[in-house]
Amino acid sequence: MPLVSVCPFTGETLRRFEPHSRAHVDRVLSRAHKRAAAWRQEPLRQRSQLLERIAQELRQQRERLAREVTREMGKPLSQARAEIEKCAWVCEYYAQHGPQFLAPEEVRTEARRSYVRFDPLGVVLAIMPWNFPYWQVFRFAAGAVMAGNTVVLKHAANVSMAALSIERTWRRAGAPSGLFQAVLVETEEVPRLIADPRIAAVTLTGSEQAGRAVARLAGEHLKKCVLELGGSDAFIVLADADLDRAATAAAEARTINSGQSCIAAKRIIVERAAMSRFLPAFVSAMRGMKVGDPFAPDTRIGPLARADLVENLQRQVEESQRLGARVELGGQPLPGPGFFYPPTVLTRVRPGMPAFDEELFGPVAAVISARDAADAIRLANATRYGLGAALWTRNLRRAEELAAQLDVGAVHINDVVHSDPRLPFGGVKASGYGRELGSYGIKEFTNIKSVVVGA
């Protein structure tokens with residue numbers, strides 16, 4: 001069955017791709033496996049220089065690549081440009097700091113010398129999503145390749161244009177044959193890829209359901225696996241916060257990438273004493289988010305990436321309403337061509353509703369009242385997800401104490417949750433395991449090897 005790229009803005013088919021044959025995929029795996037044996041011997045300086053060239057190529061092609069991303073998955077163009085720029089940044093970051101992160105670590109023991117070295121695992125299969133079609137790939141790949149691995153990318157079926165453009169970017173920057181390759185295959189082929197002995201490890205960014213399936217397969221074949229899955233991030237507003245600033249930030253955090261982000265603020269948990277002042281400001285900020293043509297410079301919310309995403313989001317809103325939630329803004333798909341959903345605010349949301357229990361992948365905010373700070377932390381943790389959380393208060397010492405109580409991979413105080421090449425990124429609970437980025441992420445796909453030199 002062809003892999004189809006559809007423009008979410010118009011609904012028109014952009015391109016159809018025939019899946020790669022098994023013979024083609026076999027050749028890809030053979031090249032990746034052969035290159036892995038050579039690349040692990042490549043000096044760190046040469047690996048760094050390649051990443052620097054990739055960063056330069058991304059910046060030179062930024063406008064063309066960003067426009068392609070906007071056409072294929074609907075991201076507002078300004079955000080697509082920022083995504084390409086961030087990919088260049090992560091390449092430069094690992095080019096500069098990778099050699100230091102991978103340097104052997106001396107450990108004092110009774111032996112003549114003891115140290116830990118970080119050797120690559122080999123070929124890493126990357127199963128990536130459509131919502132950040134460049135960043136999700138580079139967030140993993142820059143560190144993995146710097147560590148000496150090679151990459152085979154299986155991208156989401158609706159962003160095959162991006163998958164092939166990423167592969168071309170590596171090739172144009174001078175990446176040797178087999179270092180980074182994309183395969184266009186259907187999901188049904190993933191078990192065969194994971195089982196292949198030439199694949200050493202697997203990384204997935206995607207849904208909880210996909211994560212469970214990949215974890216089972218990787219476990220069956222005893223292969224290292226890193227999972228970055230869904231999130232239902234809490235945006236906690238305490239009564240002593242700067243409420244106007246928090247309301248504006250909450251609207252921005254909820255609508256990034258048209259609300260299609262794992263780390264978007266999804267559950268806005270507000271201390272009861274602040275609700276009467278916060279809610280009108282938040283609804284006003286959400287109302288001010290312009291929806292429309294993703295190529296227009298003032299558009300904040302573009303179309304969702306697929307028609308079925310609109311349908312599922314509407315189901316979640318309607319079911320939450322039936323259980324007692326109230327629509328303060330929006331709440332219905334927009335008519336006309338394209339897959340548009342307006343900024344929506346639900347109040348009176350509580351556990352047991354889809355708006356609380358499920359991940360809302362679109363510009364729908366669930367506003368939840370908390371009795372006090374302790375209740376806000378309880379509500380924030382009352383989810384199977386644990387990716388990120390934002391905490392807004394003027395009392396920074398108290399904020400850091402509360403941050404320790406949040407069951408998430410990252411807490412941002414008086415800020416929106418975002419990934420940064422310098423800091424580890426990942427979650428706990430049903431948001432997955434393992435880390436990307438920072439000094440921790442580059443070591444995920446290495447053999448952490450102890451070497452002991454006796455007398």
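The values are calculated or read from the model by the stated rules, or taken from the named source; none is laboratory data. All values derive from a computational prediction rather than experimental measurement. Glycine gets a Cβ as well: all are built from the backbone with ideal geometry, and neighbour counts include every protein chain shown.
Some observations on this one:
- Taking the listed residues 346, 360, 304, the one that is of a type in the set (A, V, I, L, M, F, W, C), within 23 Å of residue 425 (Cβ to Cβ), touching a helix residue (DSSP H, G or I) at 6+ places or on another chain (Cβ under 7 Å) and assigned by TED's automatic domain parsing to the domain that holds residue 241 is 360, with no other qualifying.
- Given (1) over 16 Å from residue 265 (Cβ atoms); (2) of a type in the set (A, V, I, L, M, F, W, C); (3) over 24 Å from the mean Cα position of the chain (by Cα), index of the condition residue 310 fails: (3)
- Within the option set 349, 283, 327, being more than 28 Å from residue 414 (Cβ to Cβ), β-branched (Val, Ile, Thr) and in contact (Cβ under 8 Å) with a residue 12 or more places away in the chain holds for one residue only, 327.
- Helices (runs of 4 or more DSSP H) completely within region 341-444 that count 1 or more residues being aliphatic (A, V, I, L, M): 354-357, 373-381, 396-403
- The residue of region 272-288 that is surrounded by the fewest Cβ atoms within 10 Å (Cβ to Cβ), among those that are within 16 Å of residue 327 (Cβ to Cβ) and touching a strand residue (DSSP E or B) at 6+ places or on another chain (Cβ under 8 Å), is 287.
- If you go through region 311-343 and pick out every residue that is under 29 Å from residue 12 (Cα atoms) and either in the same structural domain as residue 14 (by TED's automatic domain parsing) or not aromatic (Phe, Trp, Tyr) (or both), you end up with 19.
Rundown of residues vs (1) within 29 Å of residue 212 (Cα to Cα); (2) surrounded by fewer than 24 Cβ atoms within 10 Å (Cβ to Cβ), yes/no style:
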{"site": "363", "(1), (2)": "yes, no"}
{"site": "378", "(1), (2)": "yes, yes"}
{"site": "392", "(1), (2)": "no, no"}
{"site": "397", "(1), (2)": "no, yes"}
{"site": "404", "(1), (2)": "yes, yes"}
{"site": "412", "(1), (2)": "yes, yes"}
{"site": "427", "(1), (2)": "yes, no"}
{"site": "434", "(1), (2)": "yes, yes"}
{"site": "446", "(1), (2)": "yes, yes"}
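- A search for C-beta distances below 6 Å between a residue of region 101-112 that is at negative phi and any residue that is part of a loop (DSSP other than H, G, I, E, B), counting only pairs 6+ apart in sequence or on different chains, returns 101/442; 111/454; 112/455.
- Residue list for region 17-63, restricted to those being within 23 Å of residue 101 (Cα to Cα) and either in contact with a Leu (Cβ under 7 Å, 6 or more places away or on another chain) or not assigned by TED's automatic domain parsing to the domain that holds residue 82 (or both): 35, 39, 44
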